[in-house]
Each structure stands twice: as C-alpha cells, then as structure tokens.
Amino acid sequence: MFQVAVQLDTVMNNLRLGVLISGGGSNLQAILDSVAAGQLDATVAVVISNKPDAYGLERARQAGIPAIGLDAKNYPDRESFDRALLYELHRNHVDYVVMAGYMRLLGTRVLDAFPHCVLNLHPALLPAFPGAHAIRDALNAGVRVTGVTVHIANEVFDEGPIIAQEAVPVLPDDTFDSLAKRVHAVEHRLYPEVLQLVAENRVSVKNNKVVINDKSKN
Ligand code: GRF
C-alpha cells in the first residue's frame, strides 16, 4: 500500500520536459545524465529537432526517449510547422518546453500554449551577444567576461525574463575552441540546476522579472 502511494506521488509530481534541439545535443545529454543521477526530478518525455539528422536525436533514442525530427522543409509555412510541433508536445504530455541548442524561433502558438513554461539557454550574458554566434562575437569584441544565461523565452530571439546567469572569464590566449569548451561546461551544469528549481516549483515571474522562491516556502 505504502509503495503504491509513493509511486503515485512520483508520477504526479514528475515534471515532463519536451526538449527541443537542432544539433549535437550535449546539453540534452547533461539533462539526461542529471535525471539518471537523481539530481533532476523530471522526465524527458520527448526530444524534437527541426533538423532530422541532429545527433541529439540519436542520444534520445539511446536513452529510450521518443525522438522526433520535424523538417521545416516539409511544412508550407511557420504556422503549420508550429502546429506539428505543438501536436507532438501535447501528444507526449509535456509540461515544460526546454530549448537546448534549438536554433529556430518558436512561434506564438507554442509560446501561448506554455505560458512562462518555455526555457532557453544562451552561451553569453544576455542582453550582450544575442544571436547564433554568441561565443565568437564575445571573443571578437574583446570582452574580459562572457558566460551563460538561462531565461524564459518570449517571441523575440534570446529575450525574456532571466532565471540564471554565470560568468565565464575570457582569457588572454583564448581561441574559439578553448572559450567554447569552458562556456559549454558551465551550460552543462547550470541548465540542469535551473531545471531542478523549476521541478521544485520555485521559479515564478513578477513584473516580467523572475523570482526564485526559497525551498522552504513550497
Ligand atoms: C549551446 O551552446 C547553446 O547555448 C546554443 O547552442 C549550443 C548547443 O549545443 N544555443 P548542444 O547541441 O547542446 O551540444
């Protein structure tokens, strides 16, 4: 009897994530590893890529998770692509959408279906260096510090209430590869940590700013 109650509790509280990717999926892997290690109380319900050949889909398959490639070429317009994406998210009972290297703007149809429940990861300290080449842009600008941002997504690329940021120093002899390596290492730790805050229901938005609630208040 007790065991049944515990299992039900686990099922009811487990946050179901829909992870969106476009590429290698090393952040997806970090999320999967955190779940497997018991450090993230969530289930990756589905992984969806707008690039059907993304290696991240293979990582999902290896973990026994539904992996779906939606090729934008097969949809006449953004609206029908977003409808297909939303269908897959709902079909897999996703509570929270996690963009992890997803290089396509999410339409309002999807954002409206998950209000304040779509996260994005960015390899710079937003609002500095938005866009697809943030690490290269920071290096070229000669900044001494860049970093990683996790934020709630809105309809503008790399905008929306910031949940967490962590600085990464740019060293005098950094190349793109050496800096990218340190930025990615921070991403792989920070994103699962933020997702755990979400899983603990500690992230809320007030006046377009994120509030992180104390654990004890939940
Ligand atoms: C990450 O640096 C993410 O911040 C950026 O794209 C990269 C994706 O890497 N938007 P991966 O596919 O998770 O390895």
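Residues being of a type in the set (A, V, I, L, M, F, W, C), in a loop (DSSP other than H, G, I, E, B) and farther than 16 Å from Arg104 by Cβ: count how many of those fall in region 138-165.
Within region 138-165, the first condition is being of a type in the set (A, V, I, L, M, F, W, C), and the residues that meet it are 138-139, 141, 143, 145, 148, 150, 152-153, 156-157, 162-164.
This time we only want the ones that are in a loop (DSSP other than H, G, I, E, B), so: 143, 153, 156-157.
Within this subset, residues satisfying the condition of being farther than 16 Å from Arg104 by Cβ are 143.
Result for region 138-165: 1.
For region 32-56, the tally of residues that are touching a strand residue (DSSP E or B) at 6+ places or on another chain (Cβ under 9 Å), of a type in the set (Gly, Ala, Ser) and free of Cβ contacts under 8 Å to residues at least 60 places away in the same chain stands at 4.
Per the listing Ala72, Ala45, Ala84, Ala5, the residue uniquely under 24 Å from Gly160 (Cβ atoms), modelled with pLDDT under 95, of a type in the set (A, V, I, L, M) and away from the ligand (no atom under 13 Å from the Cβ) is Ala72. Residue check: Leu179 meets all listed conditions (1) of a type in the set (A, V, I, L, M, F, W, C); (2) open to solvent by 40 Å² or more (accessible area, probe 1.4 Å); (3) in contact (Cβ under 8 Å) with a residue 12 or more places away in the chain; (4) out of contact with any Pro (no Cβ under 7 Å at 6 or more places or on another chain) but one, namely (2).
Of all residue pairs spaced 6 or more apart or on separate chains, those with beta-carbon atoms under 9 Å, a first member in region 10-31 that is modelled with pLDDT under 95 and part of a helix (DSSP H, G or I) and a second member that is more than 7 Å from the ligand (Cβ to nearest atom) and open to solvent by less than 50 Å² (accessible area, probe 1.4 Å) are Asn13/Ala199. With β-branched (Val, Ile, Thr) and more than 14 Å from the ligand (Cβ to nearest atom) as the only criterion, which of Val168, Val186, Val205, Val194 stands out? Residue meeting the stated conditions: Val205.
The values are calculated or read from the model by the stated rules, or taken from the named source; none is laboratory data. Owing to the predicted nature of the structure, the values given are computational and were not obtained by experimental measurement. Heads up, the Cβs are rebuilt from the backbone with ideal geometry, glycines too, and the neighbour counts pull from every protein chain shown. Each accessible area value is taken on the protein alone, full model and side chains, heavy atoms only, with ligands, DNA and RNA left out. Shrake-Rupley method; radii C 1.70, N 1.55, O 1.52, S 1.80 Å.
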